[in-house]
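The values are calculated or read from the model by the stated rules, or taken from the named source; none is laboratory data. Small disclaimer: the values here were computed from a predicted structure and weren't measured. We place every Cβ from the backbone using ideal geometry, glycine too, and count neighbours over all the protein chains shown. Just so you know, the surface numbers come from the protein's heavy atoms only, side chains and all, with ligands and any DNA or RNA stripped out. Shrake-Rupley method; radii C 1.70, N 1.55, O 1.52, S 1.80 Å.
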Amino acid sequence: MRARDDKAAGYERSEAMGREPISKLLLRFSVPAIIAGETAAGYNLFDAIWCGRLSTEALAALTVANPLMMIYRAIGSGIGVGAASLIARLLGAGKKEEANRAAGCSISFFFILSGLVTIICLMNLEMLLRLFGADDSVLPYAKSYMLVETYSIAVDFFLVVLVDLVRVEGRPMLANGSLIAASTADLIWSPILVFGVGPFPTLGIAGAAFGTTIGRGIGVAVLLVYLGLGKSIYRFKPGYFLPNPKTVTEIYSVGISQTVRASSASVSQILASRAAASFGVVPLAVLGVLFKVSMIVFTFCMGIGQGMLPLVAYNFAAQKKERVGELVVKAGLTSTVWGALWWAVATLLSTQLMSVFDTNPDFLAAGLPALQMFALGFFTIGLQQNLSAFFQATGKALPSLVVASSRQIIFLIPCLLIMPGIFGLTGLWAAYPLSDAFSVVLTVAWTGVAFRALGIPFRLRST
């Protein structure tokens, strides 16, 4: 009886996505994701600060390692986002049994994929890091860090998938609470293991990676306990975990856009890292800091997109198109205001921000103009992210793929290939806001066409 009551309550939570006021829903679904994202951005920032205390080379190693980490997470997040979109649409259409099957299939698919990625990357780790810009002075730090990250891919993937499964059933607080727990544990353990505190050994840059792994393990444990208690709407049977080609195709036809967006970001970061490394270790370290600072802006907007995705998917499947329009408009406005705020902070407080990571005069001389130019793109990051989430939520595979890859592949990669060779370091830093501007024009135009074709109105309040 208790299990049936919990399951009924779960379905009632999911059905509330089509009834409650949009602002209230967006706040409830997005705030936990924002807190979780900003906590994760915080531990990334602090990891950079700890490594900056070791040496400029260690800070540069994080820049080199970051594209490979992004590839890992891109593959895992593709499963999570694709499963979340499919399950939300199935719930919106009242197909509860099919939603259970999709959840089970996404978990088994994760196990297969994470094992393959781990084996392939371990066999080619040093080659990949050199390809990404590591020279002989940076390689030992980067390899030490990425060995730990590569061995823990399965934990990382599992956390991403479980978070999306729990979020889409109407439990955003719990889903993102697990991420907050993971990031908090990382914040505690990383400095302990980097510098060696009390009985714990000094592991250097590898300690930052071990701290991250401990945190993710805690996040996974939190969600497994919840699923094991039977309070979730999901009811798993052994047959549901058998990989189903049709379900896998449906999951990744949408999730591939998330994988492409994040993977293409890693490709552009590889090009940027190689370009920065050609000017020396200091510009490479500066580039890494710019990525860490921009994550504060990006993760907020990603949190809005994560909160918006199941809401749009549910209401779109339920034919409540005015609510879809209100969701997209309010999410986009919120993210744009946040980006403008951080542009002002980065412009007015650039010296204070950069000196937190390294006070070397050469580092500051290169970093201050770089941050001010890079921050011009903060205005458009959120709008592009949220409109991409709209296409994912509505199951539009091709538009979501093109929109998701427009900034990183269509515009940023050509800018990175051309501009540093002509304008030097200035061209490298300017490539980012220029590609952001091109991308948001394409994304807004395509969204307008899609809204007209689907009969979705742009409005701040639905009737």
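Out of all the residues in the range 279-300, which are part of a helix (DSSP H, G or I) and open to solvent by 20 Å² or more (accessible area, probe 1.4 Å)? Spell out the reasoning first.
Kept after step one, since they are part of a helix (DSSP H, G or I), are these residues of the range 279-300: 281-300.
Val281, Val282, Lys292, Met295, Ile296, Phe298, Phe300, listed by residue number.
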Per the list (1) modelled with pLDDT of 85 or more; (2) open to solvent by 10 Å² or more (accessible area, probe 1.4 Å), residue check on Gly207 breaks on (2)
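If we keep just the residues of the range 165-196 that are of a type in the set (A, V, I, L, M) and closer than 23 Å to Pro140 by Cβ, which is most open to solvent (accessible area, probe 1.4 Å)?
If we filter the range 165-196 for residues that are of a type in the set (A, V, I, L, M), which is where we start, we get 165-166, 168, 173-175, 179-182, 185, 187-188, 192-194.
When the remaining residues are screened for being closer than 23 Å to Pro140 by Cβ, the result is 192-194.
Working: Ile192: 38, Leu193: 16, Val194: 2 Å².
That would be Ile192.
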If you go through Gly255, Gly215, the only one that is at pLDDT 90 or above, open to solvent by less than 20 Å² (accessible area, probe 1.4 Å) and in contact with a helix residue (DSSP H, G or I) (Cβ under 7 Å, 6 or more places away or on another chain) is Gly215
Those residues of the range 403-425 which are aliphatic (A, V, I, L, M) and open to solvent by 40 Å² or more (accessible area, probe 1.4 Å) amount to Ile409, Ile410, Leu417, Ile418, Ile422, Leu425
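Yes/no matrix, rows are residues, columns are (1) among the charged types (D, E, K, R); (2) more than 26 Å from Arg171 (Cβ to Cβ); (3) under 22 Å from the mean Cα position of the chain (by Cα):
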| residue | (1), (2), (3) |
| --- | --- |
| Gly217 | no, no, yes |
| Val222 | no, no, yes |
| Gly239 | no, no, no |
| Ala265 | no, yes, yes |
| Ala276 | no, yes, no |
| Ala313 | no, no, yes |
| Ala317 | no, no, no |
| Lys320 | yes, no, no |
Lys143 fails exactly one of (1) open to solvent by 10 Å² or more (accessible area, probe 1.4 Å); (2) modelled with pLDDT under 85; (3) part of a helix (DSSP H, G or I), namely (2)
Do we have any residue at all in the range 123-131 that's open to solvent by 40 Å² or more (accessible area, probe 1.4 Å), out of contact with any His (no Cβ under 6 Å at 6 or more places or on another chain) and either modelled with pLDDT under 85 or under 26 Å from Ile251 (Cβ atoms) (or both)?
no
Note on the range 430-457: residues within 30 Å of Leu368 (Cα to Cα), open to solvent by less than 10 Å² (accessible area, probe 1.4 Å) and of a type in the set (A, V, I, L, M, F, W, C) are Ala431
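Considering each residue of the range 93-108, count those that are farther than 17 Å from Val248 by Cβ and either open to solvent by less than 20 Å² (accessible area, probe 1.4 Å) or free of Cβ contacts under 8 Å to residues at least 60 places away in the same chain (or both), and give that number.
Looking only at the range 93-108, we keep the residues that are farther than 17 Å from Val248 by Cβ, and these are 93-97.
Filter once more, keeping what is either open to solvent by less than 20 Å² (accessible area, probe 1.4 Å) or free of Cβ contacts under 8 Å to residues at least 60 places away in the same chain (or both): 94-95, 97.
Final tally of qualifying residues: 3.
Residue-by-condition table, conditions (1) part of a helix (DSSP H, G or I); (2) closer than 22 Å to Met295 by Cβ; (3) modelled with pLDDT under 80; (4) not small (Gly, Ala, Ser):
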residue: Asp5; (1), (2), (3), (4): yes, no, yes, yes
residue: Glu12; (1), (2), (3), (4): yes, no, yes, yes
residue: Met17; (1), (2), (3), (4): yes, no, yes, yes
residue: Ser30; (1), (2), (3), (4): yes, yes, no, no
residue: Glu38; (1), (2), (3), (4): yes, yes, no, yes
residue: Ala41; (1), (2), (3), (4): yes, yes, yes, no
residue: Asn44; (1), (2), (3), (4): yes, yes, yes, yes
residue: Val64; (1), (2), (3), (4): yes, yes, no, yes
Checked pairs for the range 214-235, first under 17 Å from Ala181 (Cβ atoms), second buried (at least 21 other Cβ atoms within 10 Å of the Cβ) and of a type in the set (Lys, Arg), C-beta under 9 Å and 6 or more apart or across chains, list as Tyr226/Arg171
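Being open to solvent by 30 Å² or more (accessible area, probe 1.4 Å) and either part of a loop (DSSP other than H, G, I, E, B) or under 30 Å from Tyr314 (Cβ atoms) (or both) narrows it down to one residue among Trp338, Trp343; which is it?
Details: Trp343 fails: either part of a loop (DSSP other than H, G, I, E, B) or under 30 Å from Tyr314 (Cβ atoms) (or both).
After ruling out the rest, the residue left standing is Trp338.
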Expected output for the range 173-193 (first residue within 18 Å of Val161 (Cβ to Cβ), partner of a type in the set (D, E, K, R) and in a helix (DSSP H, G or I), Cβ below 9 Å, 6+ apart or cross-chain) is Leu174/Arg167; Ala175/Asp164; Ala175/Arg167; Asn176/Arg167; Ala182/Arg216; Ser183/Glu38
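Yes/no matrix, rows are residues, columns are (1) open to solvent by less than 10 Å² (accessible area, probe 1.4 Å); (2) touching a Cys at 6+ places or on another chain (Cβ under 7 Å); (3) in a helix (DSSP H, G or I); (4) within 15 Å of Val248 (Cβ to Cβ):
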| position | (1), (2), (3), (4) |
| --- | --- |
| Ile34 | no, no, yes, no |
| Asp47 | yes, no, yes, no |
| Arg73 | no, no, yes, no |
| Gly78 | yes, no, yes, yes |
Only one of Ile112, Ile120 is under 17 Å from Pro67 (Cα atoms), over 19 Å from the mean Cα position of the chain (by Cα), of a type in the set (Val, Ile, Thr) and open to solvent by 60 Å² or more (accessible area, probe 1.4 Å), namely Ile120
- Within the range 238-246, can one find any residue that is without any contact (Cβ under 8 Å) to a residue 40 or more places away in the chain and crowded, with 21+ Cβ neighbours inside 10 Å? no
